[in-house]
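The values are calculated or read from the model by the stated rules, or taken from the named source; none is laboratory data. What you are looking at is a predicted structure, and each value in this text was computed from that prediction instead of being measured. Cβ atoms come from the backbone with ideal geometry, glycine included; neighbour counts cover every protein chain shown. Note: areas computed on protein heavy atoms with side chains; ligands, DNA, RNA excluded. Shrake-Rupley method; radii C 1.70, N 1.55, O 1.52, S 1.80 Å.
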Amino acid sequence: MVSASAAMQSNPGGLLINPAYNGTTDARLLIPGQTLKNFPVAENNVVIRITARLSNIINGQIYNNSAVAT
């Protein structure tokens, strides 16, 4: 079982995190329809910390993760 949460660490781009994000049934990290500007440079980035909690893991098992940004 996996549960996850997300929090903005730095947000000059002004994006909003999807409050329903849990990493499993709702994997949309950001609220849809937002745009990250490419200029000015001081406002074209965000830093998001994702925290995941795993339960029932198997000792010696390799677990992989991935992320996609579009």
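When Gly14 is tested against (1) surrounded by 10 or more Cβ atoms within 10 Å (Cβ to Cβ); (2) among the small types (Gly, Ala, Ser); (3) not in a loop (DSSP other than H, G, I, E, B), only condition (3) is not met. Checking the structure you have, find out if any residue of the stretch 43-51 is exposed (fewer than 10 other Cβ atoms within 10 Å of the Cβ) and over 16 Å from Ala69 (Cα atoms). Among the residues of the stretch 43-51, not one is exposed (fewer than 10 other Cβ atoms within 10 Å of the Cβ) and over 16 Å from Ala69 (Cα atoms), which makes the answer no. Across the stretch 30-40, the number of residues qualifying as at pLDDT below 90 and open to solvent by less than 100 Å² (accessible area, probe 1.4 Å) comes to 2.
Here is a yes/no grid of residues against (1) in a loop (DSSP other than H, G, I, E, B); (2) touching a strand residue (DSSP E or B) at 6+ places or on another chain (Cβ under 8 Å):
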site	(1), (2)
Ala4	no, yes
Gln9	no, yes
Thr24	yes, yes
Arg28	yes, no
Leu36	yes, no
Asn59	yes, no
Val68	yes, no
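Return yes when Ala7 is among the hydrophobic types (A, V, I, L, M, F, W, C) and either under 10 Å from the mean Cα position of the chain (by Cα) or surrounded by 12 or more Cβ atoms within 10 Å (Cβ to Cβ) (or both) and no when it is not. Considered against the rule, which asks whether it is among the hydrophobic types (A, V, I, L, M, F, W, C) and either under 10 Å from the mean Cα position of the chain (by Cα) or surrounded by 12 or more Cβ atoms within 10 Å (Cβ to Cβ) (or both), Ala7 comes out as yes.
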